[in-house]
Amino acid sequence: MTRAISLREVSKSYGRGVRAVDRFSLDIAPGEFVVLLGPSGCGKSTVLRMIAGLEGITSGELLLDGEYANDLAPGDRKMAMVFQNFALYSMMTSRENIGFPLRYESPGQDPGPRIAETARALGIEDLLDRYPGQLSGGERQRVAMGRAISRHPSAFLMDEPLSSLDAKLRSYLRAEIARLTRDMGVTTVYVTHDQAEAMSLGDRVAVMRNGVLQQVGTPHEAYHLPRNVFVAAFIGTPRINLLRAVVHAPLGGGMWIDLGTQRLSIPEPLSRDHQMLRIQQGQPVIVGLRPEALRIGRLNTIRPGEVVLTGVVQHLEYQGHETLVHLNIGARPAVMPELESPRPPAARQRSHAMSRAGSTVRLRQLVQKATARVHGQEQETAFEHPAPRVGNEPPATRGGDLVLRTGADLRLNMGQQVPILVDLAYLYVFDHVGNRISPAPQQTSNLAP
Ligand code: ADP
């Protein structure tokens, strides 16, 4: 049996002041694989633990198969959890570890067939008589998965189960988890801060920030129609280029987006999405350009829907099959403090010593720092603007303000000036608080497809 899981306006407060999850609503269909994605401390694990019954719900409702389940004992929920550091019993073999939960769930029944079936599904038959100390990290995690699977749970709840493993093993086990959960058809809620993992695993991805659900959608929707600048910046590598800009749409006609020293001219007739920008006349906005919306090309290769900018090559990142080109176009990047990394070593050391509650305070301070005065009002912005340029001082050019991909065979030199062709079909515009205004916002349902 597999479960439908619904959360209705669920909140979690830890004492006074710490609101870990804020009015979180999500309907998960039986058999669906949903990933909770967001930066560390945004409330993902808390949501998962409330579903498991390991954490009380402060307000709101949890429904399991449509039944009110806020107070249901964890054991009665028939869910299996897999954690990052799933502790196996060191004095038991893999066989005993996998069979352990069965002793309590089905006392008197021979666990042998279930253990054998589980070991076959995971390809760990030859590891059954080994102790945890005789297993590699990846093997231990597979035994841990086996312990969760053998119970035939009604749902899997996985909390960063792969994050302690190396990259190669992680991608291998990721595929294993996708296959296993698909074959078993069991509802799965998977927590990760790794957007690539989320995109490759989830039927749907639920992006969280500061305890608040930002968007739920298929990986395709989350990437192509991010509801706000946070989702746009969190998903995709290299990260979307975010630039401060001002929309100009004078009554006399024409439209252009001022990027600083250059402008993007929007050709007429305006598309429906670009017409949406008219109401932003004279307003500061954030322009989002994914690297694939940009190409370096000769002017005589320009295609319909493309416009031209000029950039100066600042830095080249050779990747083998492609090169990431960092360019300066004289624009001002919009910075998202929560997503900038790494922190300086001193700050990192300090943060180790801080409690989780302490980290929350720090996160709050960071968000407060991002509160900017916009049009005379205090508003919480989704981004922080670097200080405006003074006099003839060049714009911030550390690595450039725009990143695009090219084929690895394109020869470029540092300092070279190049034409950048921008495909306006992939132009994102966000308002000053970070909500997407173009392409036009659509109703994105958070109900299962
Ligand atoms: P994530 O899984 O996204 O990293 P968590 O759900 O673990 O985030 O935590 C969300 C917020 O709740 C964080 O600010 C964290 O510090 C806080 N938090 C988590 N558990 C507790 C607790 N037991 N007491 C107080 N604060 C907590």
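Descriptive notes on the structure:
- Considering Gly146, Gly123, Gly108, the condition of being among the small types (Gly, Ala, Ser) and more than 35 Å from the chain's Cα centre (by Cα) is satisfied by Gly108 alone.
- Subset of the range 139-184 [touching a strand residue (DSSP E or B) at 6+ places or on another chain (Cβ under 8 Å) and small (Gly, Ala, Ser)]: Ala144, Ala148, Ser154, Ala155, Ser163, Ala178
- Which numbered condition Gly108 misses (of (1) closer than 20 Å to Met184 by Cβ; (2) open to solvent by 70 Å² or more (accessible area, probe 1.4 Å); (3) away from the ligand (no atom under 16 Å from the Cβ); (4) not basic (Lys, Arg)): (1)
- The selection criterion, being open to solvent by 20 Å² or more (accessible area, probe 1.4 Å) and either over 30 Å from the mean Cα position of the chain (by Cα) or over 20 Å from Ala440 (Cα atoms) (or both), does not hold for Arg272.
- Meets criteria (in a helix (DSSP H, G or I), farther than 23 Å from Ser163 by Cβ and open to solvent by 90 Å² or more (accessible area, probe 1.4 Å)) for Arg120: yes
- Filtering Met158, Met145 for residues that are under 30 Å from Ala196 (Cβ atoms) and assigned to a strand (DSSP E or B) leaves a single hit, Met158.
- Test: Ala196 is modelled with pLDDT under 95, surrounded by fewer than 19 Cβ atoms within 10 Å (Cβ to Cβ), assigned to a helix (DSSP H, G or I) and hydrophobic (A, V, I, L, M, F, W, C): yes
- Residues that are among the aliphatic types (A, V, I, L, M) and either surrounded by fewer than 19 Cβ atoms within 10 Å (Cβ to Cβ) or modelled with pLDDT under 95 (or both) were ranked within the range 200-224; the one that is nearest to the ligand (Cβ to nearest atom) is Val212.
- Residues considered: Ala52, Ala87. Of these, the only one that is closer than 15 Å to Arg151 by Cβ and not charged (D, E, K, R) is Ala52.
- Any hit, the range 386-398, residues being modelled with pLDDT under 50, over 21 Å from Ile257 (Cα atoms) and of a type in the set (Lys, Arg): yes
- Verdict on Asp183 being within 13 Å of the ligand (Cβ to nearest atom), open to solvent by 10 Å² or more (accessible area, probe 1.4 Å) and either farther than 24 Å from Leu339 by Cβ or under 18 Å from the mean Cα position of the chain (by Cα) (or both): no
- A single entry from Pro250, Pro267 fulfils the requirement of being over 23 Å from the mean Cα position of the chain (by Cα), over 16 Å from Leu427 (Cβ atoms) and surrounded by fewer than 17 Cβ atoms within 10 Å (Cβ to Cβ): Pro250.
The values are calculated or read from the model by the stated rules, or taken from the named source; none is laboratory data. Keep in mind that this is a model prediction, so the values were computed, not measured. With ideal geometry, Cβ positions are generated from the backbone for all residues, glycine too; neighbour counts draw on all protein chains shown. All accessible areas refer to the heavy atoms of the entire protein, side chains included, with ligands and DNA or RNA removed. Shrake-Rupley method; radii C 1.70, N 1.55, O 1.52, S 1.80 Å.
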